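Okay, so here's the structure we're looking at.
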Amino acid sequence: MWVADMDFPSPPAVIEALHQRIDHGVFGYTITPQELTETVILTLRHDYGWEIESEWIVWLPGLVTGLNLACRATGEDGDDVLTTVPIYPPFLTAPKYSRRNLLTVPLVETGNRWVFDFDLLENAISPRTRLFILCNPHNPTGRVFSRKELTILSEICLRHNVIICSDEIHCGLVLDEDKKHIPTAALSPRISDRTITLMAPSKTFNIAGLGCSFAVIANPELRKSFQRAASGIVPFVNTLGYTAALAAYRDGGPWLEALLIYLRENRDMLERSIAEMPGLSLNHVEATYLAWIDTQNSGIQNPAKFFEDAGVGLFDGAQFAGPGFLRLNFGCPRVTLKQALERMKNAMSKL
């Protein structure tokens, strides 16, 4: 239960579109379908009230590619890239791969949720900090950052002339019905001008293996720098990735509505179960299908191995710069989740 994709079949509309494309029989070079670009623009307008232009979109074969390109497109060798921890592991490796220095600031727990310490964050910005990498909704803590939080964060970055790269790959998976995803770049034209937004249909519609993502970059100079960093290295999106993305965004709405209901019920069951296991704790998961479980009061020395030995494979939090934590993927049939929680409960009872 460690890898971040779901055990559910993709939307029927996606599967049907792929069958039709396969039946076409020709799989040569391709370009981005105009209908897909138009559908993305309509989706961002409808879901978030965010108006973008077609030329702002840069198609990518994966979101991690975008993280690495953002590091290379901003600043120079030896400059600093800042992010918060715990965080999705490629945030921690992309600066190094790009000959940048990684700076990290911890998120803090307050009132059953993880939040920014803005004073700590601003103080961590060095004279050579050129980029801040944000994850929202947040992987692994499941936070949906509020407009106020995003605005304060963005103003700090603007004040210090720091570009924001906002990974929003889980934006379609907000579980709390009183919360809404807000694209960082949609806050204001000033913020948009200094932001690289990364999105994809992959997590929401369970099509990660088809490799289709995109960046939205309003600033033409920043966009050119991003595209230059990709030149000669980053391949085009494959034909089936485009096909699946178009079908997902255009026709996947009813499937997604049903998915969110199911994930909420899984989330609620998971939170109740973890609360009943002494030594484990879990802050409320607002979005994603990922839970960030705290084992620090359990006395378990190697929690990932402990639960793997009990028959449950979880992601070791140390790889997120969060030792003592585990990430659990609840994007699965409820019978699987129940079995996992029962194995965890049994293992804890034997301590």
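A few comments on the model shown:
- Candidates are the residues of the stretch 91-102 that are out of contact with any strand residue (DSSP E or B) (no Cβ under 7 Å at 6 or more places or on another chain), open to solvent by 20 Å² or more (accessible area, probe 1.4 Å) and outside any loop (DSSP other than H, G, I, E, B); the one that is farthest from K179 (Cα to Cα) is Y97.
- Residues of the stretch 307-334 that are in a helix (DSSP H, G or I) and open to solvent by less than 10 Å² (accessible area, probe 1.4 Å): F307, G317, F320.
- Filter pass, I207 being open to solvent by less than 50 Å² (accessible area, probe 1.4 Å), under 18 Å from the mean Cα position of the chain (by Cα), modelled with pLDDT of 95 or more and over 28 Å from P12 (Cβ atoms): no
- The residues in the stretch 3-18 that are crowded, with 17+ Cβ neighbours inside 10 Å and assigned to a loop (DSSP other than H, G, I, E, B) can be counted, and the count is 5.
- Taken over the stretch 161-199, the criterion of being open to solvent by less than 10 Å² (accessible area, probe 1.4 Å), of a type in the set (A, V, I, L, M, F, W, C) and in a helix (DSSP H, G or I) is satisfied by A185, I191.
- Set V81, V105: member being open to solvent by less than 60 Å² (accessible area, probe 1.4 Å), touching a Gly at 6+ places or on another chain (Cβ under 9 Å) and part of a strand (DSSP E or B): V81
- When each of T295, T288 is tested for being open to solvent by less than 20 Å² (accessible area, probe 1.4 Å) and at positive phi, the lone residue that passes is T288.
- Only one of A215, A304 that is in a helix (DSSP H, G or I) and buried (at least 18 other Cβ atoms within 10 Å of the Cβ): A304
- Residue, surrounded by the most Cβ atoms within 10 Å (Cβ to Cβ), within the stretch 19-67, restricted to residues that are among the charged types (D, E, K, R) and either modelled with pLDDT under 95 or assigned to a helix (DSSP H, G or I) (or both): R21
- Taking residues in the stretch 122-133 that are farther than 12 Å from R159 by Cα, and partners anywhere that are buried (at least 22 other Cβ atoms within 10 Å of the Cβ) and among the acidic types (D, E), the pairs with Cβ atoms closer than 8 Å and at least 6 places apart or on different chains are I133/D167.
- Within the stretch 316-332, the set of residues being hydrophobic (A, V, I, L, M, F, W, C), within 17 Å of the chain's Cα centre (by Cα) and over 15 Å from E271 (Cβ atoms) comprises F320, A321.
- Residue satisfying all of: in the stretch 127-160; of a type in the set (K, R) and in a loop (DSSP other than H, G, I, E, B); least open to solvent (accessible area, probe 1.4 Å) among these: R143
- Reported count of residues in the stretch 302-339, each being within 10 Å of M1 (Cα to Cα) and in contact with a Gly (Cβ under 8 Å, 6 or more places away or on another chain), is 1.
Each row is one residue, and each column tells you yes or no for (1) touching a residue at least 60 places away in the same chain (Cβ under 8 Å); (2) crowded, with 21+ Cβ neighbours inside 10 Å; (3) within 19 Å of the chain's Cα centre (by Cα).
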{"site": "G241", "(1), (2), (3)": "yes, yes, yes"}
{"site": "A245", "(1), (2), (3)": "yes, yes, yes"}
{"site": "A248", "(1), (2), (3)": "yes, yes, yes"}
{"site": "D251", "(1), (2), (3)": "yes, no, no"}
{"site": "L260", "(1), (2), (3)": "yes, no, yes"}
{"site": "R264", "(1), (2), (3)": "yes, no, yes"}
{"site": "R267", "(1), (2), (3)": "yes, yes, yes"}
{"site": "R272", "(1), (2), (3)": "no, no, no"}
{"site": "A275", "(1), (2), (3)": "no, no, no"}
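- L282 surrounded by 19 or more Cβ atoms within 10 Å (Cβ to Cβ) and closer than 30 Å to V14 by Cβ: no
- Complete set of residues in the stretch 108-121 that are more than 21 Å from G324 (Cβ to Cβ), in contact (Cβ under 8 Å) with a residue 24 or more places away in the chain and surrounded by fewer than 15 Cβ atoms within 10 Å (Cβ to Cβ): F118
The values are calculated or read from the model by the stated rules, or taken from the named source; none is laboratory data. Note that the coordinates shown come from a computational prediction; the quantities given were computed from them, not determined experimentally. Cβ atoms come from the backbone with ideal geometry, glycine included; neighbour counts cover every protein chain shown. Ligands, DNA and RNA are stripped out before the accessible areas are found, and what is left, the full protein with its side chains, is counted by its heavy atoms. Shrake-Rupley method; radii C 1.70, N 1.55, O 1.52, S 1.80 Å.
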